[in-house]
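The values are calculated or read from the model by the stated rules, or taken from the named source; none is laboratory data. Everything quoted here is computed from the prediction, not taken from an experiment. Heads up, the Cβs are rebuilt from the backbone with ideal geometry, glycines too, and the neighbour counts pull from every protein chain shown.
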Amino acid sequence: MDVVNILTEYPGLLPLMSFTFLILAGCGFPISEDIVMVVSGAIAATVTLKYTAMVFIACFCGAYFGDIASHCMGKFFLGKALRKEDNRSFIKKLISMKKLSKAEKYFDVHGKKTLFFGRFIPFGARNILFITSGLLKMRLRTFMIIDSIALLTCMSITFSLGYIFSSDFEVLFSYVDQYKVFIIIAVISAITFIMLKKLITSYLVNRQNISKKMG
C-alpha cells in the first residue's frame with residue numbers, strides 16, 4: 001500500500017506527517033522544507049481536501065517550531081560554548097571572539113532584515129541563518145515575531161504552488177529542480193545587493209560625519 005492509498009484511508013495522518021517532517025528539517029535533518037510544503041499542498045488538494053486548513057496549520061507549526069529550535073541551538077549551545085573563558089573546544093577554534101563581536105554589531109543593525117529575507121533562501125541555508133541569529137544574541141521574542149511573518153509569507157507561496165498545481169506537481173518538482181541553482185543565485189544576489197547598499201550608505205554617512213568633525 002503506497003502513501004497516497006494510506007492517506008486516502010486515513011486522511012488525518014497528513015497533518016501529523018507534515019508537522020513531523022518539518023520539525024525534523026528544522027533540527028538539521030536532510031529534508032527539504034520547501035518540498036514538504038509543496039507536497040503537502042498537493043496532497044491536501046487531491047486526497048485530503050477537507051483537511052486542507054489543518055494541513056496548512058500543521059505545516060506552519062512544524063516549520064515554526066523547527067526554526068525556534070535552530071535559534072535556541074545557536075543561543076544556548078553554541079553561544080555559551082564560545083563565550084566560556086576556559087573553553088578550548090573545536091567550535092571556539094573556528095570562530096574567534098573578535099569576529100564574533102564584529103558579527104554581533106552587524107546583526108544589531110541589519111539582523112532583522114537579514115533574518116526576514118533569509119527565510120526565503122531554500123535548501124537548508126536558512127537553518128544556518130537561524131542558528132547564527134541565536135549565536136549573535138538576537139532576542140527570542142524578536143526572532144519569533146520576524147520569523148512568523150516571513151514564514152507565513154514564504155509558506156503561503158510554496159503551499160499554494162502545491163495546491164494550485166496539484167494535478168501536475170511532478171512536473172512542477174522537475175521544473176524547480178532544473179532551475180533551483182538559478183533560483184538560489186537570484187535570491188542570494190538580491191539579499192547581497194540590499195546588504196551592500198546598506199553598508200555603503202552607512203560607510204559614506206560615517207565618512208561624511210568624520211569630515212565635518214575634522215573641518
Right, T46: more than 23 Å from A125 (Cα to Cα) and among the hydroxyl-bearing types (S, T, Y) or not?
yes
Of everything in the range 21-51 that's surrounded by 18 or more Cβ atoms within 10 Å (Cβ to Cβ) and of a type in the set (S, T, N, Q), which residue is farthest from F65 (Cα to Cα)?
T48
Total residues in the range 1-38, condition modelled with pLDDT under 85 and more than 18 Å from the chain's Cα centre (by Cα):
14
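Residues checked against (1) at pLDDT 85 or above; (2) buried (at least 16 other Cβ atoms within 10 Å of the Cβ); (3) among the charged types (D, E, K, R):
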residue	(1), (2), (3)
M54	yes, yes, no
A63	yes, yes, no
F77	no, no, no
F107	no, yes, no
G111	no, yes, no
L115	yes, yes, no
I131	yes, yes, no
Has the range 130-137 got at least one residue that is over 28 Å from A53 (Cα atoms), part of a loop (DSSP other than H, G, I, E, B) and in contact (Cβ under 8 Å) with a residue 24 or more places away in the chain?
yes
